[in-house]
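Every read-out reported here was derived from the displayed coordinates using simple, explicitly stated rules and does not represent laboratory data. If you're wondering where the values come from, they're calculated on a predicted model, not measured in any experiment. Methodologically, a virtual Cβ is constructed for each residue, glycine included, from the backbone with ideal geometry; neighbour enumeration extends over all protein chains shown.
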């Protein structure tokens, strides 16, 4: 099995994550990532002693306590595939956090190692999350900017993407693995996958045109690691594809370079983003 894919454990022991990534496992510097699936009333306690952290309630509803701060009824959507944004709680480094599920819930926990964070713990509400329609035709996909450059944080960047069945995503192929001021930023990245129907899979290629060219087939609950290189995704026909991206690096700026082999299908200005909407989605 490629060392760029972490397979989900769909029957974890009580209190253990479905999937777990650390800098040591990924052989990089910043990102830690895990996903928990909680039953109603189930509670987990976490410590953000490694860096700034965000708990993203992907499905269901949770109460989140961080010290004296209590954020009630975070989340609320039934599925990652409904036309609705998630909610999250951002927590600076060095705080204890308790998550209690009101109903069955799925929670992703993303950490940027070494980052102290910005400000105090806060609830990232649905209305705070811009929505984007990106691409067209067979490259159309829908993006929710949970924690982007316009939201205060030190290193974390978080987006989720829903790609219609049969379409391409993370396209045209692009990379962000070196520091080139104004052109490219070093950012590690994870892809956490879900599928509708859940027995689906996607195809993701990770390549750098030098020594790495890997084709991966993530299934529901799996995580793909992108330490460097280009990383396009194909959602196979018959299966709507969801992924949550976590990015972190030396600087909190999403600068990227497109694979020049795809210049004929890329926007002329090199900007692959669509138009952001700030309404509640």
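Only helices enter the 222 nm calculation for the chain: every DSSP H run of n ≥ 4 contributes -39,500 (n - 2.57), and dividing by all residues gives 0 deg cm²/dmol, rounded to 500.
Please say if the stretch 234-276 is rounded, prolate or oblate, where rounded means a/c under 1.5 for a ≥ b ≥ c the square roots of the C-alpha gyration tensor eigenvalues, and otherwise the choice is prolate for a/b larger than b/c and oblate otherwise? Oblate, since a/c reaches 1.5 and b/c is not below a/b.
Computed from the Cβ-Cβ distance with R0 of 25 Å, the FRET efficiency linking residue 140 to residue 82 stands at 0.90. Return the tail of the calculated pair distribution for the chain, meaning the percent of Cα-Cα pairs more than 35 Å apart. The answer is 10 percent, as a whole percent. Residue separation of residue 272 and residue 210 scaled by 0.36 nm, minus their Cα-Cα distance, works out to 19.9 nm of gained length. Residue separation of residue 103 and residue 265 scaled by 0.36 nm, minus their Cα-Cα distance, works out to 53.9 nm of gained length.
Summarising the label geometry, the points placed 7 Å from Cα in the beta-carbon direction at residue 118 and residue 9 lie 3.5 nm from one another.
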